[in-house]
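Read the figures in this text as sums done on the coordinates, not as results from a lab. The model shown is predicted, which means the values in this text are computed figures rather than measured ones. In this analysis, Cβ positions are derived from the backbone assuming ideal geometry, glycine residues included, and neighbour counts consider all displayed protein chains.
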Amino acid sequence: MGIDGLTTQKTFSRKVHEWIAAAQLERTKSKQEILEMYLNQVNYGSGCWGVEAASETYFGKHVQDLDLAQCAMLAGLPNRPSVYNPYYHKEAAKAQRNIVLANMLDQGFINDDQ
């Protein structure tokens, strides 16, 4: 999703450019499309870029076949992919997954039974 003109420099002008690019993106894409673009390009660790690659790497199945706990684990990975990598830091990955599930519960996306 590279946006022309954006650099890695931490400057005020870059932030302004990011804001303009985000506004243009929001005018041309739905929130669903923006989320899909993000999920397909974000780093999930272990050389995985995109949620489908992460799903296949960590769980050996397509993303649409994951259960809620597996989805929550993937949702927590982009925050710190090397720290929450389930291959190397199983307990940290589980703790992050539980934070994601607790937030989903608090916001009403899931219920206690789930």
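Structural remarks
- Longest site-free stretch - the chain; sites: chymotrypsin sites (Phe, Trp or Tyr not before Pro), DSSP loop, at most 14 other Cβ within 10 Å: 1-86
- Taking 0.36 nm per residue of separation and subtracting the Cα-Cα distance, full extension of the segment from Val42 to Lys15 would add 7.7 nm.
- In degrees, nearest ten, helix 12-28 long axis to first principal axis of the chain (Cα): 70
- Phi-based couplings in Hz for segment 92-109 (Karplus 6.51, -1.76, 1.60; Gly and Pro marked x): 5, 5, 5, 5, 5, 4, 5, 5, 4, 4, 5, 5, 5, 5, 4, 8, x, 7
- Coil-residue trypsin sites (Lys or Arg not before Pro) of segment 1-110, DSSP, other Cβ within 10 Å capped at 15: Lys10, Lys29, Lys61
- Taking the convex hull of Cα positions in segment 10-114, its mean projected area over all directions (nm²): 8.3
- Contact order normalised by residue count of the chain, Cα under 8 Å, 6+ apart, percent: 15
- Spatially near lysine pairs across the chain, Cα under 22 Å, sequence gap of 8 or more or different chains: 4
- Separation of alpha-carbon centers, segment 9-51 and segment 75-114, rounded to whole Å: 22
- Structural descriptor for segment 4-62: relative contact order 15 percent, calculated from alpha carbon pairs under 8 angstrom and at least 6 residues apart.
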